[in-house]
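This report concerns only the one structure given below.
The numbers here are math on the coordinates, done by the rules we state, and not lab data. Note that this is a predicted model, so its numbers are computed, not measured. Note: ideal-geometry Cβ built from the backbone for every residue, glycine included; neighbour counts use all protein chains shown.
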Amino acid sequence: MLTQKLPAVQSFLPLVSRRVGHLSSRRYDVIVVGGGHAGTEAAAAAARVGADTLLVTQKIHTVGALSCNPSLGGVGKGHLVREIDALDGLCGRAGDWAGIHFSILNRSKGPAVWGPRAQLDRQRYREFIQSELLSTPRLTVLEGSVEELLVTEPNPDEPGRHRVTGIRLADGSQPISAASVVLTTGTFLSGSLFVGQTTSPGGRIGDAPSGAGLTHTLRERLGLKVGRLRTGTPPRIVKHSVDLSLATLHPPDSRPTPFSFMNTRTRCEPEEQLPCHLTLTTPGVERIVRESLHLNCHIQQDTKGPRYCPSIESRVMRFPGRSHQVWLEPEGVTSDLLYPQGLSMTMPPDAQLRLIREIPPMRRAEIHTPGYGVQYDFVCPTQLSPSLQVKNTQGLFLAGQINGTTGYEEAAAQGLWAGLNGARRSLSMPPAALSRTESYIGVLIDDLVSRGVTEPYRMFTSRAEFRTSLRPDNADLRLTPKGFELGCVLSPRYQEAVRVESSLREAMAALQAVRLSTTSWRKMLPDIGVSDNKSSLMTGMEILQYKDASFEMLASVFPETLSAYMEFSQRLKIEAVYKPHCDLNRREIERIQKEENMSLPQDIDYVSLPVSLSLEVREILERARPSTLGAATRLEGMTPAAIVALFNYVHFTEKQEKTMQRNQRNQKEDRDEDLCSTNVSLPR
Amino acid sequence: FVGLADADTIFALSSGHGRCGVAVVRVSGPASATALRRMVGLTHRLPPPRTALLRSITDPCSKEVLDRGLVLWFPAPHSFTGEDSVEFHIHGGPAVTTAVLQALGSVPGMRPAEAGEFTRRAFQAGKLDLTEVEGLGDLIHAETEAQRRQALRQMSGELGRLYQDWSHKLKRCLAHVEAFIDFSEDELIEDGVLERVDRSVCDLQAEVKQHLKDERRGERLRCGVQVVIAGATNAGKSSLLNTLCQRPAAIVSPIAGTTRDVVETALDIGGFPVLLSDTAGLRDSSDLVEQEGVRRARERVHQADLTLLVVDSTRLPSDVQQAADFLSDHLRTVLPSLKQPETGIILWTDLLPEAQTQKLQQELRRVSGLPAVCLISCQTNEGLKDFLTVLQSSVKTLCGDPLCGAPTLTQARHRAHLQQCAAALAQYQRYRDADLALAAEGVRLALTSLGRITGRVGAEEILDIIFKDFCIGK
């Protein structure tokens, strides 16, 4: 069932505070700055955890806007969407609501790398996110521009440790205070837009640039190290000016697969889905790129751009003399625009028009909005802890492109995690971390905070060491119970995950319990090629591992024990095939998790630490300040000997502290005993 | 790295090498009992705990008798590591130890121990006291250094090139499979990528298997402690070599740059095998042959267990007070890459007046922070005896370390990793059509196993190859 009901757009807009004067309070637990993918997930997660949350955004109607491609998911990114959904985030359900073309990428390559993906209707996506936020209890949305981040001077006892106290808006009103502030300002931090030779300040076309005050606070007052990155977006094409009959049709899956574990179907009916089209660049495209190069200042600057989402200019320059793919994607059910994926460009608008007209289906195409480039500052994410809190500023959390990532899903994942931790901090709960052994979100955050970025960071499945265990199909088993414990998963989803988990466990036990000789199996299921040279009995679980075996087949042979689990037939098949590999992974995973559970105190002075460490290693540790022993082992340049020295140090300091605490407790108890010596028994 | 409760069972030679009658091989971990049963052909009952038994030790696969020796069974927790442990006391020749180590490697669940792993496990089981624990980091440092040098020696040869070549090919295979997984749905990944990977994996697997089968293919590994004589040109390095081996093994002349290549001699010092190398004088030269000689000399120093720096005493400052400073400066200039292995300094004293030699000796004894300095007269051999005593004690210390100069152990380690590599490649083939993610996992495991010989390969390196070989850009 599709659980979401969408209220009419007009009915909820008045609920929004457009002026600070309308705010019911000037004190919140969590303030989220920015209404993109990171900001919306952060605000919703913080509110779910139980924090009074304020979301501040420049323009209410751009909350939940898809500023670049009209699609969600894909290989690696789809994994993130499933994990965000398992933690009760928004984007999976929003995708099911707004999707107009669903497909599972990599269908033939194994379930661990399946990539659920959908083309989206921009308007429906925005509507869903806005209606969801505005119906979230404890969440207020405010339109405004943040001028300043308020932080305390560092405590003299703890040099370099600031604390966030709130924000000040540009309209000159009184400050709004909060224990945690989550910044999700995307490309707006010192952002500049580039088209041809013109440059203007801003983070997205049509939106005002952010105040310089925020950048000043981050850089000058907090002393955070920033870097510069660039990205870009293609021109939007007028749909009816394109001859799609000259492109290759790519139909969606005949049965849409929802992103969300809570949905069994999508809003869009299978037959209502829209197709995509594929076409190729011609030598004329390359010619125009070269001709207009001198008019293209974005491409001439050497700010780091992504290698995997490059502009058509850099594709042509790096791989000349060949054709490149261009996907023509629908922008929505009612939209009359097409999104040419692969044609991100920054040349002058007239050159853009000439370029697209070199591609056969677009011979007579018109451009609605030209493509442009953005250059922006990001905060080097090695300055964050795994809870996405800035190490030197308590209560300040960063998420999304501000941390050097690219992509909606990467931003949303960080947003959720930062919002969760912001709320936990404001409610005096300890910070939470996700391990790279249990989730792609953990891989993403660990890569960011322990390695940093040199180019916009995007998720790939090859980044996850334990890919066979971290599958899109089991994200709920991996994360929903943990999310419930941490507070970001609400009860209905948790109940559903518990039901699924216990059903799967029962079904697997039933499969294990079926034990037959190979001869019997061959007689019962002649088509799956059970070899008969094995003398031992085989379980149903082992039979299900055969390529051509399905759970349906087994259930038809053993209906009384198995037919109750038909709902999970696909998941059971996947579990059976992957079980031996996951078992192999588990030992390594447990080892890493133990190391990650050994936290390194954040106030260690590595330069003077009284253990035998080389100067080189001390510098590495001082720079990276890993938060766990596990993170330390992954640092480049760490030696096994240094890890052992650290291990010993932490082990013995902990032991000493425990002894000290015990002694203090004993002393206290001794005193207590003196004080209440008349009591017969003492609570121990 | 710091496994808190490793489930693997590890083994290693835990006695030194050189002239020893008995070698001790230690096994620790849950599969110890299995290893003991398989190696001595027990079917049911294990021997009584901590009691030495004389048994025939056999290869579990071929059933060939490898040696007759003592076996001891230490059930947990009463062992050095606190885990189930076994000790094999066998005859101390390289042939026997290699055979036993290789046989242990073929028992399922067993792998060669990493540096310091026995001690680390003992520490985790609470079997060490604080001082022992404090030394653990240093011990592991020393062992990793010894392994690094040993690996470098092997990797610089033909074998090393072979492994590097495999590693390179595997990296490409993995990058291409990963590119196909992460990008082929959106990007133009040309046809035939996977078919090329199939062929490479098949060829590689055949090569690795052939290599494991063919005992003769491995080059003969140089045994013993590697001592290298280094120094500036014309310092008298070749004279030292000739003095030590008591025959004119190297040509000596007053012409700077006489020795151009590495001259090697096997020696027996105090009963321990030593491989002594004389190298070209270290100086900048425009002569191509000499440049190559200097490169080889530096490479040799990098791989050495012990370096002897020879200095011509006439180059010392006339004020003996400054001699120590001069020597430490000289050490830094001539051997800048030297991290901190064992080093000794030899000074030729022939051309100094006797009174100054004595003053020098007193002064150098006084200062600290320098490696051991020996003063020798080439003509009268005065000081040679003292030098030999110093050299012998260094060599003895080095030989006490079972990892140092023992190619058999490295061989056993390589073998285990190569076997894992071949098995992992079979996983690729098994899953190639059914599940590419599991097939890729096979290539990844193969690369990890090989990486334990050639060095680790990270995810970023694979992504670099992907972006170099394919135009990815959606």
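Within a 10 angstrom radius of the beta carbon, how do B:463, A:274 rank from fewest other beta carbons to most?
Working: B:463 20, A:274 17.
By the 10 Å Cβ count, ascending: A:274, B:463.
Between residue A:326 and residues 5 or more places away or on another chain, which pairs have amide H atoms under 5 Å apart, with H built 1.01 Å from N, and which residues are they?
Residues meeting the criterion, in which the H sits 1.01 Å from N, are A:279, A:280, A:281.
On a full-extension model of 0.36 nm per residue, what is the gain between residue A:636 and residue A:537, subtracting their alpha-carbon distance, rounded to one decimal in nm?
30.8 nm
Pick out, in residue order, every one of the GluC sites (Glu not before Pro) in region A:557-662 that is DSSP loop and has at most 10 other C-beta atoms within 10 Å; say none if there are none.
A:636
Taking the Cα-to-Cβ direction at residue A:587 and at residue A:563 and moving 7 Å from each Cα, how far apart do the two end points lie in nm?
Result: 4.2 nm between the two label points.
Would you mind checking region A:593-622 for residues with the amide N under 12 Å from a putative spin-label position 7 Å along Cα→C-beta of residue A:225?
Output list for this probe position: A:620-622.
Could you grab the relative contact order for chain A? Cα pairs under 8 Å, six or more apart, rounded to a whole percent.
Answer for chain A is 16 percent.
Among the aspartates and glutamates, which have Cα under 19 Å from the Cα of residue B:359 when same-chain residues fewer than 8 positions away are ignored?
Within the straight-line limit of under 19 Å, residue B:359 reaches these aspartates and glutamates: B:312, B:319, B:325, B:350, B:382, B:386.
Could you list A:109, A:77 so that the one with the fewest beta carbons within 10 Å of its beta carbon is first and the one with the most is last?
Sorted ascending by nearby Cβ count, the order is A:109, A:77.
How much length is gained if the chain between residue A:245 and residue A:455 is pulled fully straight, taking 0.36 nm per residue apart and subtracting their Cα-Cα distance, in nm to one decimal?
On the way: separation 210, 0.36 × 210 = 75.60 nm, distance 3.76 nm.
Here the answer is 71.8 nm.
Find how many whole Å separate the alpha carbon centroid of region A:409-472 from the alpha carbon centroid of region B:33-97.
Region B:33-97 and region A:409-472 have Cα centres separated by 47 Å.
Nearest 0.05, what FRET efficiency do residue B:322 and residue B:469 give at R0 = 41 Å with Cβ-Cβ as r?
0.10
Of all trypsin sites (Lys or Arg not before Pro) in region B:32-63, which ones are in loop regions per DSSP and have a Cβ with at most 14 other Cβ atoms within 10 Å?
B:45, B:50, B:63
Calculate, in nm to one decimal, what residue A:623 and residue A:290 gain on full extension: separation in residues at 0.36 nm each, minus their alpha carbon distance.
115.6 nm
Rounded to the nearest 500, what is chain A's calculated 222 nm mean residue ellipticity when only DSSP H runs of at least 4 contribute -39500 (n - 2.57) each, over all residues?
Rounded to the nearest 500, it is -11000 deg cm²/dmol.
Cα-based Rg of the protein assembly as shown per 2.2 N^0.38 Å, rounded to two decimals?
In units of the 2.2 N^0.38 Å rule of thumb, it is 1.07.
Starting from the Cα of residue A:502, step 7 Å along the direction of its Cβ; do the same at residue B:207; then give the gap between the two resulting points in nm.
For residue A:502 paired with residue B:207, the spin-label model returns 5.6 nm.
Sequence neighbours fewer than 8 away in the same chain don't count; with that in mind, list the aspartates and glutamates whose C-alpha is under 20 Å from residue A:523.
The qualifying aspartates and glutamates are A:532, A:542, A:548, A:552, A:560.
Once you've got the Cα coordinates, tell me which of B:213/B:396; B:63/B:169; A:77/A:109; A:573/A:594; A:225/A:658; A:225/A:655 are over 28 Å apart.
Working: B:213/B:396 35 Å; B:63/B:169 36 Å; A:77/A:109 16 Å; A:573/A:594 31 Å; A:225/A:658 37 Å; A:225/A:655 36 Å.
Too far apart for the 28 Å limit: B:213/B:396; B:63/B:169; A:573/A:594; A:225/A:658; A:225/A:655.
Using alpha-carbon pairs under 8 Å, 6+ residues apart, how would you state the relative contact order of region B:225-400 in percent?
On the way: 296 pairs, mean separation 40.2, N = 176.
Dividing the mean separation by the residue count of region B:225-400 yields 23 percent.
Just the number, please: percent antiparallel of the DSSP beta bridges in the protein assembly as shown, rounded to the nearest 5.
Taking every DSSP beta bridge within the protein assembly as shown, about 60 percent pair in antiparallel fashion.
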